[in-house]
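Heads up: the structure comes next, in structure tokens.
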Amino acid sequence: MQNGFVRIKYSVFIILLFVFGSGEVLAVDGLYFNAINSRYLGLAGAGYALGGSPVDVALNPANLSLVKGKKLEFGLGASLIQNRYRDRFQDPNPERVYENDKTSNVVGPGPYIAFKLPVTENINYGVTFYVPGGASGGVDKITRNTPTGETVNQWADVNLPGPLGNSKQIKESNSNTFAVFKLVNGLSVKFGNLSLGGSVELAYGTQKLNQKYYDITGNIEIPGQGYYYESSKNAFALGGILGANYSFSDSFRIAYAYQSHVGIPLNGGYSIGTNDPNYYRKTGVSYTFDLPEKHVLGLAFGPENLKFALDFVYTNYGSYLRKANQTLEDPWLPTPIGKTGSADAHLNFRDQWAVILGVEYKASSSWILRGGYSYNSPLVKSNALGGTTGGFFSLTDIVSAGFSYLFDSWSLDLAVSYNIPRKTVEGGKGTDWDLSHAVGSVGNANLTGYSYNAIAGIPSFSIGAVKSFD
């Protein structure tokens, strides 16, 4: 039991979201929105070979050569994570039995703006600012046993009155908000039927974590047991994108894009023992969050009025997000086995494959219709589920539709997409979340009595506009 609890680092769980998984929709990669702009959202995220939008500078910069003249593009997406989290604890002692069933709805915005400018006949420049992803998740006042299985007064060294202090159950709240912003500059150079491109991206990240415990009624916050983490204002990092496309004919093009790994320094500070003037501490933390590298092979084919886009995406999450570690300057973070200076999160993310098919039909000189489907291999399985990751990382099937209305020198773009919740993800045994909740009594933890699961559906909407300056 001791070895099992050593693996617990007090439930410091890192989610990225959206929500990635919160702005437009966590779809293609699980952590990123599946599309930056309205056009590509209508295609379920396809477009790495199709191209033709100013935001290509952040996807496949070689496709800037497919954008004619000067263009300005801007818009806003919004996604709603509809998450359901359930858990239960069964034990021979009825005082330790509980069950939770929580639903939550989190809305996240994903704004973008991009500009494309021809430099010469064969060189084009692009710049975009957008929100590629982020997260907002957690659980609010779920019932659980105290981390040690003792009474509230014994575990927290407090003196709550009567049944509140003698209860072995409490309420727990965890919240986690994360966001990434990117400014991308890039060029494309055209050599006959071949175009090559490269971009430099400046990424900025921000994150906040908060954990609180309350008495069983949820009204009294237990002092000395919570923490609050916030990243610093200097969380900047550089990354890069390389791309190429080759046109075999007007009706067939192939492309490849590579996006580099970016390590965002989320160094900041921990406030520990919140709400307790006798124990309150504040200490620095060293922490880097790794956005993984990505490879995309794309195909675009079809006549001018009916284009098909087919993308194959591989994202190397497994090499970067198996584990996240926060190293505190002082060993003050409380755990069931004592205070620690290392806050580890065993994320156990998996490498992810995706296949995306989009169709774009030009119905008339004023209307363009779109539809798409995206299949994504599961990024998170049972060994990566937790109360703060929820079900939104189980994205697999995305369906989408959209249209553009063209008038004068403008294009008005709208799109919707929906993540079909295929199944409930059952939490695995031996995970951080499982071990920190599978408790019974001191020296006799019930490691089999706890079970948990989550599921999520994500509808998304995006509206944008493109202005041509030809």
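The values are calculated or read from the model by the stated rules, or taken from the named source; none is laboratory data. Since the model is a prediction, treat every value here as computed from it, not as a measurement. Positions of Cβ are backbone-derived with ideal geometry, glycine not excepted, and every protein chain shown enters the neighbour counts. Areas reflect the complete protein model, heavy atoms only, side chains present, ligands, DNA and RNA absent. Shrake-Rupley method; radii C 1.70, N 1.55, O 1.52, S 1.80 Å.
Taking R0 as 22 Å, what's the FRET efficiency between residue 193 and residue 120 from their Cβ-Cβ distance, rounded to 0.05? Efficiency at R0 = 22 Å is approximately 0.80.
How many angstrom lie between the Cα centre of segment 184-257 and the Cα centre of segment 113-157? Centre-to-centre (Cα) distance: 10 Å.
With θ taken as phi - 60° and the Karplus curve 6.51 cos²θ - 1.76 cosθ + 1.60 applied, the whole-hertz 3J(HN,Hα) list for segment 114-122 is 9, 9, 10, 9, x, 8, 9, 4, 10 Hz, x standing for glycine and proline.
Bridgeable aspartates and glutamates around residue 102 (alpha carbons under 19 Å apart, same-chain partners fewer than 8 residues away excluded): 87, 140, 172, 215, 426, 434.
Subtracting the Cα-Cα distance of residue 405 and residue 93 from their residue separation scaled by 0.36 nm leaves 105.9 nm. A 1.4 Å probe, protein heavy atoms only, puts the accessible area of residue 95 near 120 Å². Cross-link reach is defined here as a Cα-Cα straight distance under 17 Å, omitting same-chain residues fewer than 8 places apart; for residue 190 the lysines meeting it are 68, 70, 116. One chain, two ends: residue 468 and residue 271. Fully extended at 0.36 nm per residue, the span grows by 65.9 nm beyond their Cα-Cα distance.
Taking label points 7 Å from Cα along the Cα-to-Cβ direction, residue 448 and residue 151 give a separation of 3.1 nm. Heavy-atom accessible area for residue 330, with the other protein chains in place and a 1.4 Å probe, reaches approximately 50 Å².
Ignoring aspartates and glutamates fewer than eight residues from residue 282 along the same chain, the ones with Cα atoms less than 12 angstrom from its Cα are 230, 329, 330. Solvent exposure of the chain, expressed per residue, is 38 Å² of accessible area, with all protein chains present and a 1.4 angstrom probe.
For residue 217 and residue 183, the difference between the fully extended length at 0.36 nm per residue and the C-alpha to C-alpha distance is 7.6 nm.
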